[in-house]
Amino acid sequence: MLIARKAATAAAVIASLGAVALPATAGAATTTTTTQNHTYHISVNPGMLAGGQNTVTARVKVTNPENSVRRFWSRSTVQQVVRQGVNNGYQKPYMSQGFRCTPTLDGSMNASTARFTCKLQGADVPTTVTLTFTAPYLPPTAG
């Protein structure tokens, strides 16, 4: 009888230790998400923007950044994406440097302000890159 009690007590102790160890293991399995934010001031062609502006502020959000794809959020790449959209006066979706850029227009009849959201497409890594910028274009002239 004493042996049976010792065995039952040992089994209870082992079970309780397993219950304590399980949450610690489950907690270690969760992944953390790392986010970086970058802001770049990009010069564009004179005369493209309203109010005499020649600079666009681009904001970049990088989630789970990996060095192997670092060039996608570099100033050089962001500059090329923004300039392609602004200097060409785009108010429609376009592709540049692996980004798919989609504008949201201001809703007025002249649709003079485009707010772009550009997302990196086709990356084979868990890194996501989102670029946003606003282009206040000159309103169209009646003619």
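Within the range 39-76, being farther than 11 Å from F133 by Cβ and in a loop (DSSP other than H, G, I, E, B) holds for N45, P46, G47, M48, Q53, N54, N64, P65, E66, S74.
Regarding Q79, is this residue surrounded by 13 or more Cβ atoms within 10 Å (Cβ to Cβ), at pLDDT below 95, more than 15 Å from the chain's Cα centre (by Cα) and outside any strand (DSSP E or B)?
On the way: surrounded by 13 or more Cβ atoms within 10 Å (Cβ to Cβ): yes; at pLDDT below 95: no; more than 15 Å from the chain's Cα centre (by Cα): yes; outside any strand (DSSP E or B): yes.
Criteria not met by Q79.
Residues of the range 80-97 that are charged (D, E, K, R) and under 16 Å from T55 (Cα atoms): R83 alone.
Please list, ordered by residue number, the strands (runs of 3 or more DSSP E) wholly in the range 88-143 having 1 or more residues that are of a type in the set (S, T, N, Q) and at pLDDT below 90.
Of the strands (runs of 3 or more DSSP E) lying wholly inside the range 88-143, those with at least 1 residues that are of a type in the set (S, T, N, Q) and at pLDDT below 90 span 113-120.
So, in the range 50-69, of the ones that are within 26 Å of G89 (Cβ to Cβ) and free of Cβ contacts under 8 Å to residues at least 40 places away in the same chain, which residue ends up surrounded by the most Cβ atoms within 10 Å (Cβ to Cβ)? The selected residue is N54.
The values are calculated or read from the model by the stated rules, or taken from the named source; none is laboratory data. Quantities reported herein were computed from a predicted structural model and do not represent experimental measurements. Because the Cβ atoms are built from the backbone with ideal geometry, glycine has one as well, and the counts that use them run over all protein chains shown.
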